[in-house]
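One structure is given below, encoded as structure tokens.
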Amino acid sequence: MALNKIYKNGDALLLTVTAGMLSGAPVAIGNLTGVLVTDADAVLNQAVIDTEGVYDLSVAAIKDGPANEAVAIGDAIYFNTGDTPKLNKKTAGVFFGYALEAISSGLTATIYVKLMNESGASTIANLAVSTAKLANSAVTTAKIADVNVTMAKLSDAKINVSIPLGAAGAISATSLMTVMAARQKLVLVNADIVTKNQVAANDTNYWTFSLKNKGQAGAGTDEMAAGNTTVATGANMEAYIPFALTIDVAKDDVVTGDVIHITSTKSASATALAEAVLSLTFEKVD
């Protein structure tokens with residue numbers, strides 16, 4: 001047999017505890033919990049700790065906040081160092097065991113508590129809880145500290161803007177139009193034009209679109225996105241199908257106060273645009 005076995009069962013351990021602790025007191029040493037079965041000795045502050053069984057212990061019927069909340073049979077009980085008594089339902093502490101008796105909300109009583117070190121429930125490993133294990137709406141805003149969630153952590157931190165081009169979207173000649181003024185930092189991720197009329201690609205009769213950031217003083221020249229209906233470098237505009245402008249990723253951001261402007265330039269006898277709408281999608285950034 002192995003000669004290095006220290007304890008047969010491992011439920012009673014001699015460990016160092018806080019000076020002056022007495023037999024019968026609950027204790028947590030790291031994530032190891034138990035109840036003292038001897039007083040701490042005056043020299044080494046060591047005591048025998050029982051890590052298994054059922055003990056009659058003082059428990060407060062409070063939860064996180066702290067807020068009053070009744071203790072029901074089977075409720076998880078936690079050890080919280082700074083509380084008196086140290087056992088309650090406040091999950092910020094170390095998992096201790098399960099209540100075997102009930103306590104009315106806000107009261108403190110001595111009840112049977114089953115120690116549960118062997119369950120492994122005292123800690124949850126990092127990344128151990130998957131989304132599949134969380135109920136819908138399980139994480140409430142009360143559990144998220146202010147300014148703790150950044151835009152990058154949001155799955156849909158986007159703003160959509162749609163603006164008719166020209167009068168009611170009708171353009172039969174070159175048109176200049178202010179689109180919007182930014183009220184926060186944004187990044188352009190999509191820019192589309194939708195029109196009622198099909199515009200066939202043509203190298204003579206075509207439209208050119210230029211979306212620019214005019215800055216905060218109206219003198220900016222950065223072209224954020226552009227497109228045209230030529231055969232050489234553009235494409236057809238199909239009726240009621242978004243015509244995507246190409247975004248310049250080096251010039252796709254705006255800050256508070258920037259003004260966005262679009263120029264729609266008609267060449268020769270390009271087909272007039274009817275019910276034309278510019279659709280922009282921005283991502284919010286911190």
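For the range 47-55, check the following and say yes or no: at least one residue is within 29 Å of Ala142 (Cα to Cα) and modelled with pLDDT of 95 or more.
no
Go through the range 218-237 residue by residue and tally those that are in a strand (DSSP E or B) and over 20 Å from Leu176 (Cβ atoms).
Counting residues in the range 218-237 that are in a strand (DSSP E or B) and over 20 Å from Leu176 (Cβ atoms) gives 0.
Taking the range 238-274 on its own, how many of its residues are crowded, with 16+ Cβ neighbours inside 10 Å, of a type outside the set (A, V, I, L, M, F, W, C), over 31 Å from the mean Cα position of the chain (by Cα) and in a loop (DSSP other than H, G, I, E, B)?
The number of residues fulfilling the criteria is 1.
Do we find that Leu15 is under 15 Å from Val113 (Cα atoms), surrounded by 14 or more Cβ atoms within 10 Å (Cβ to Cβ) and of a type outside the set (Lys, Arg) in this structure?
Considered against the rule, which asks whether it is under 15 Å from Val113 (Cα atoms), surrounded by 14 or more Cβ atoms within 10 Å (Cβ to Cβ) and of a type outside the set (Lys, Arg), Leu15 comes out as no.
Being crowded, with 16+ Cβ neighbours inside 10 Å and either touching a Ser or Thr at 6+ places or on another chain (Cβ under 7 Å) or under 19 Å from Ala170 (Cα atoms) (or both) is the filter here, so list the residues in the range 227-237 that pass it.
Hits for the range 227-237 are Gly227, Asn228, Thr229, Met237.
Determine whether the range 252-260 contains at least one residue that is at positive phi and of a type in the set (A, V, I, L, M).
no
Look through Val94, Val113 and report the one residue that is at pLDDT 95 or above, within 21 Å of Asp50 (Cβ to Cβ) and buried (at least 16 other Cβ atoms within 10 Å of the Cβ).
Val113
The values are calculated or read from the model by the stated rules, or taken from the named source; none is laboratory data. Since we're looking at a predicted model, the values are computed, not measured. Cβ atoms come from the backbone with ideal geometry, glycine included; neighbour counts cover every protein chain shown.
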